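The values are calculated or read from the model by the stated rules, or taken from the named source; none is laboratory data. Please read all numbers here as calculations on a predicted model, not as lab measurements. Here the Cβ is made from the backbone with ideal geometry for all residues, glycine too, and neighbour counts use every protein chain on show.
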Amino acid sequence: MAIARVALDLPLHRLFDYLVEDGEPLEPGLRLRVPFGRGEKIGILVALPDNSELPPEQLKPALEVLRDTPPLPPEFFRLCEFASNYYQAPLGEVMLQALPPGLKKPRAAKRRQLKPKAGKPAAVPALPDLNPEQAQAVAAVCASQGYAPFLLHGVTGSGKTEVYLRLIAAALEQERQALLLVPEINLTPQLEARIRNRFPGAAVAMLHSELAEAAREREWKAAFLGEARIVVGTRLAVFTPLPELGLIVIDEEHDPSYKQQDGMRYSARDLAIYRASSGRLPIVLGSATPSLESWAHAQNGRYTLLRLQERAVTAARLPAIRLVDTRRMNLDGGLSPQLLEAIRKRLEAGEQSLIFLNRRGYAPVLSCTACGWVSRCSRCAANMVVHLKDQRLRCHHCGFEVRIPRACPTCGNQDIHPFGRGTQRLEAWLAETFPQARILRVDRDSAKSRKQWEALLEQIHGGAADILVGTQMLAKGHDFPRLTLVGAVGADAALFAADWRAPERLFAQLMQVAGRAGRADLPGEVIIQTEYPDQPLYGALQAHDYPRYAATLLEQRRQAGFPPYTFQAMLRAEAPHMADAIAFLQAASGLLPPEHYPDVLLYDPVPMRLSRLWSLERAQLLVESPARPQLQAFLSAWRPGLESIKGPSRLRWHLEVDPLEF
Ligand code: ADP
Ligand code: ZN
Ligand code: ZN
């Protein structure tokens, strides 16, 4: 009989001991089926201790040792332990969320089936000659030894993906596996096809959260067993154990979708950096608009900066960006005469236009002109958005919806109006103004599922649209060859948003959406409507000058003492009453003697910007330190105390390290 210490998927910072009687030798990393409460669970064996804190007669026997896969490797343990410490998350939760669902369900184990390893890649298609900057980038990464982080900075179309593909080829050549992480929305059949075409002989595993359970388990196992040589996936793929990993690439490294926003709030980019350093690997972060954190690292020498300053296809020039000052203008449907004229010209020439408006729905709010009633969500501190097509008012935060009322619910007045403009309203207006044009709207309402999104992309590529209207979904890495005009409307809103990261995101979005214009042999034009043409953000955008804008923002951050010059964590609490949430945070605030942590600053608890969600009041407490180790030491000491604070039963809280949104 051996004692097995097991990690289980529970919100508890502890492990569980079981007795195991098994003919074959036991090893950490094996999965066990164990009794738990009245049911059973799948856990991961993390240690084989000589003794348990419990007397032997209290230890329950495990039900089964699962050997359908080899044990999870030490590398997987290291990554999960790091994530558990760094994000203050229970080890069991971290380890088990990293497995595909099929491997953590109690069920009879299947026989282990090993496919033969794929052979060397077959003949590859003819490759373009790299331009000098690309060649230099590839050479630099290939020449690196051990842990070597690179930031590959280049505008859309500058040939970053081509560089990734060469590096992947080099890794395969060395008999190593390559891991390519992409934002959720970029994992399209086009990307998959591009990779499969380039590497016809190599087995490719695709990993994302929308895969059916069986497919996810199959792809994950292929990666884990070393059969798949190239693994392409979204943030969750960062945890995939890869026995022969030789290269990590993170495309669009600034993309917020690398940050998980619920459960364990981790950054796949940051974990990938850890993984590269502990595995002594090269890692390439690519972006046209790097996160300020990564840019600062490239400036201070922690990352090596590689730059692609030209577009790869010489004929494709960077689009001209024009600002249209709308202050003294009569806008028609929200569009300036200049933008309308530009759309008209594209229609005549048979070219595509894209109008970018980052607000879905018909209008952000419905309101009564007589009594001032507005369509508030009854559960959230937010307005309900008008969705005219389905005759619905819908809350974009909690999903609550009601029929659009005919008259004002408060005063009975029939004169109620939608205010403001979303993508649906713009679409409707464009359809009226250009009846001959085929208009396609792309946002989270028209592309709810991956299937719908892929169908829309196919339509766009097939030339089935003259005018595209959409949110940032349209901004992401897709080639639309006949697209020559991009118009951006309503962008100003993000300039003065309460979230101080909003301008950084706006710059990235506008840069990305501008990059859609004129990729092939047709020159592109970008028109941005604004009431603040003198804002430095727009100036830098016109000059295609990310480094200048990044320098401005970094200087502001330094002066204000914001990240990346400080390190932060956020404690959030929610409860039916705000007073309870605040009281919890206040108690948390007094847990540790401040004199023990002189470098850690705790702010006063405050209600969150969205102060009510799903009928729960929400508050937050910001913790800040100029040094990462001090912050980490504080959090490690703080977290157990938080668990012992007695609050009302419906109080819930979580801790987020490196919060992205405020
Ligand atoms: P990015 O990832 O930076 O947007 P891509 O790698 O997708 O850029 O390159 C943009 C386009 O230029 C693609 O069609 C690609 O095939 C082409 N391309 C990339 N590098 C070269 C090169 N050295 N010579 C010719 N075409 C290239
Ligand atoms: Zn009214
Ligand atoms: Zn709501």
Criterion violated by residue 374 - all others in (1) in contact with a Leu (Cβ under 9 Å, 6 or more places away or on another chain); (2) at pLDDT below 95; (3) within 30 Å of residue 409 (Cβ to Cβ) satisfied: (2)
Sole residue being part of a loop (DSSP other than H, G, I, E, B) and either modelled with pLDDT of 95 or more or of a type in the set (A, V, I, L, M, F, W, C) (or both), chosen from 96, 54, 32, 45: 54
Verdict on residue 630 being among the polar types (S, T, N, Q) and either exposed (fewer than 13 other Cβ atoms within 10 Å of the Cβ) or in a helix (DSSP H, G or I) (or both): yes
Hits in the stretch 566-583 - residues which are surrounded by fewer than 21 Cβ atoms within 10 Å (Cβ to Cβ) and in a helix (DSSP H, G or I): 578, 579, 580, 582, 583
Number of positions in the stretch 197-208 that are surrounded by 16 or more Cβ atoms within 10 Å (Cβ to Cβ) and farther than 21 Å from residue 100 by Cβ: 3
Any strands (runs of 3 or more DSSP E) falling wholly within the stretch 363-407 and containing at least 2 residues that are closer than 19 Å to residue 428 by Cβ: 365-368, 385-387, 392-394
Residue count for the stretch 15-26, restricted to those that are in a loop (DSSP other than H, G, I, E, B) and modelled with pLDDT of 95 or more: 1
Candidate set: the stretch 527-541, residues that are within 27 Å of the chain's Cα centre (by Cα) and touching a residue at least 24 places away in the same chain (Cβ under 8 Å); chosen: the one farthest from residue 330 (Cα to Cα): 540
Unmet requirement for residue 600, which otherwise passes all of (1) modelled with pLDDT under 95; (2) touching a Phe, Trp or Tyr at 6+ places or on another chain (Cβ under 6 Å): (1)
In the stretch 487-503, residue farthest from residue 360 (Cα to Cα) [restricted to those that are within 20 Å of the chain's Cα centre (by Cα) and among the hydrophobic types (A, V, I, L, M, F, W, C)]: 500
Considering residues of the stretch 369-397 that are more than 15 Å from ligand 2 (Cβ to nearest atom) and more than 19 Å from residue 443 (Cβ to Cβ) only, the residue surrounded by the most Cβ atoms within 10 Å (Cβ to Cβ): 377
The stretch 305-317, subset at pLDDT 80 or above and among the hydrophobic types (A, V, I, L, M, F, W, C), residue farthest from ligand 1 (Cβ to nearest atom): 305
Residue in the stretch 349-368 that is nearest to ligand 2 (Cβ to nearest atom), counting only those that are surrounded by fewer than 24 Cβ atoms within 10 Å (Cβ to Cβ) and of a type in the set (Gly, Ala, Ser): 367
